[in-house]
Amino acid sequence: MSTVPASIPQANPGAGYRALKGEIDAAVARALASGWYILGAEGRGFEAEFAAWLGLAHAVGCGNGTDALALALRALGIGPGCAVATVSHTAVATVAAIEMAGAVPVLIDIDPAHYTLDPVELEAVLAHPPAGLPPVRAVIAVHLYGGAADLDAIIPICARHGAAVVEDCAQAHGATLGGRKLGTLGDVASFSFYPTKNLGALGDGGAIATGNTALAERLAALRQYGWYQHYVSDEVGVNSRLDEVQAAILRARLPHLDAHNARRRAIAARYDAALAAGNIAPPARRPGGDHVFHQYVVRVPNRAEVQAALRAQGIGTGVHYPVPVHLQSAYRGRVALGPAACRASERAAAEVLSLPMYPELSDAEVARVCAAIGLL
Ligand SMILES: *Cc1c(COP(=O)(O)O)cnc(C)c1O
């Protein structure tokens, strides 16, 4: 008999579905039976429930997290003739959305301890923008891996320089800073419900959240051709809607999100303890914030070797992200960088490693990962 243990993937959206199969199947059946498939009762229900969970007046569903960012920028009046500052160490979606809105990105380096936008360099770029760049009208603060960007520093800097603050919360559903949920601190926030996110649909989905009623009304129009009344476009919009089936699935999952985030934190604490004996530092947590561990990320200079050693024990890993946006062929040489030239981002991209992280990991599986990483 072979005793090779079953492999542990780095992410496992199928396990997430199976764990809530009864509730999700019932929600899907309800949406299908309703006879209404786009922008109906499920979508409105989810928007209200998600806004209430965040503690904000409005959430507007849309097609995905990339569209959510582009719509947020457009609703703020940011487009051609504007620059938007963000990081290079992020999902390419963050930068793609800036160009979708018609604006020009300028990429700031990260604080390598937290992998989030460096406020000192941001201030320098806002005070002395790179030559030829249009005025920086917004900053997208990415809360990477489930931990907060340094909003206590970023928000006052943006206020001094007249730039709006957009929170990219695609990896940070439920994370907090100073006791407040991320997504409620800036002017507007975007969320993704891609299946592996902390709150995931079983397909694409996204939302924009804001306390500003006029902004929410504009967002609701922009996501559907710029319609304020049916079939009449008052401004040019797009088609980016959250469908009823995905909205129903998200309604089934939202009540479990806090418990799922707590489970992610408990797994992270066990990984921390396992690493304490070795040479690898556990991920930093920003003081005053609750991390939700969308990813548990360590840095290893010999990444390929470590990945191979874990793979040999049936343990999957991921790299988020292997190439910073400014070095990807689509962007290289044509996107503006801040004075730090994203050097810390380049170093991070070469060394980051994401360990298995999802709420359905069993205690036995967590113990296996701990035993393996304790030997690194
Ligand atoms: C996933 C993600 C997005 C994009 O979301 P999609 O739903 O895949 O379009 C944007 N920003 C960050 C940081 C992400 O992780």
>> For a quick check, take a GNM of the chain with Cα springs below 10 Å and name the residue from R44, R343, R332 with the largest mean-square fluctuation.
In response: R332
>> Can you tell me how the chain classifies by the Cα gyration tensor, rounded, prolate or oblate, using a/c under 1.5 as the rounded cut?
In response: oblate
> Out of A220, G162, G174, whose Cα points farthest toward the positive end of the dipole of the chain (charges: +1 Lys, Arg; -1 Asp, Glu; placed on Cβ)?
Replying inline: G174
> So for F191, F50, fewest C-beta neighbours within 10 Å to most, what's the order?
Replying inline: F50, F191
> So which helices of the chain fit the span-like rule, where a helix is a whole DSSP H run, its Cα atoms reach 20 Å or more along the axis, and its mean Kyte-Doolittle is at least -1.0?
Replying inline: 257-275
> Which net charge results for the neighbourhood of L250, defined as the other residues with beta-carbon distances under 15 angstrom from its beta-carbon, given Lys and Arg at +1 and Asp and Glu at -1?
Replying inline: -3
> For the chain, modelled as a Gaussian network with Cα springs under 10 Å, which listed residue fluctuates most, G22, G226, G205?
Replying inline: G22
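Compute the length gained on full extension between Q313 and A330: take 0.36 nm times their separation in residues and subtract their Cα-Cα distance, giving the result in nm to one decimal.
Working: separation 17, 0.36 × 17 = 6.12 nm, distance 3.63 nm.
Taking 0.36 nm per residue and subtracting the Cα distance, the gain is 2.5 nm.
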>> Placing one identical point scatterer on every Cα of the range 1-121 and ignoring solvent, what is log10 I(q)/I(0) from the Debye formula at q = 0.14, 0.20 Å⁻¹?
In response: -0.92, -1.17
> Taking only C-alpha pairs under 8 Å that are 6+ residues apart, what is the relative contact order of the chain in percent?
Replying inline: 24 percent
>> Report the Cα centroid-to-centroid distance between the range 45-120 and the range 251-309 in angstrom, as an integer.
In response: 24 Å
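Placing unit charges on C-beta atoms (Lys and Arg positive, Asp and Glu negative, everything else neutral), compute the dipole magnitude of the range 274-376 about its Cα centre in debye, rounded to 20. Mind showing how you got there, number by number?
Working: 10 positive and 7 negative charges, 98 e Å.
Roughly 460 debye for the range 274-376.
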> Just A281, A138, A248 to compare: in a GNM of the chain, with alpha carbon springs under 10 Å, which one fluctuates most?
Replying inline: A281
> If you take the square roots of the eigenvalues of the alpha-carbon gyration tensor of the range 16-65 and sort them as a ≥ b ≥ c, do you get rounded (a/c under 1.5), prolate (a/b over b/c) or oblate?
Replying inline: oblate
> How many angstrom separate the Cα center of the range 201-217 from the Cα center of the range 311-376?
Replying inline: 28 Å
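With a Förster radius of 41 Å, plug the Cβ-Cβ distance of V232 and L32 into 1/(1 + (r/R0)^6) and report the FRET value to the nearest 0.05. Walk me through the numbers on the way to the answer.
Working: r = 30 Å, r/R0 = 0.74.
According to the calculation, E is roughly 0.85.
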> Applying 1/(1 + (r/R0)^6) with R0 = 45 Å to the Cβ-Cβ distance of A159 and A266, what FRET efficiency is obtained, to the nearest 0.05?
Replying inline: 0.75
>> Using the Cα centre of the chain as the reference point, and only Cβ charges (+1 on K/R, -1 on D/E), how large is the resulting charge dipole? Debye, rounded to the nearest 20.
In response: 480 debye
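Each reported figure results from applying straightforward, stated rules to the coordinates on display, with no laboratory input. Given the structure is predicted, the values throughout are model-derived calculations rather than measurements. Cβ coordinates were reconstructed from backbone atoms using ideal geometry, including for glycine residues, and neighbour counts include every protein chain displayed.
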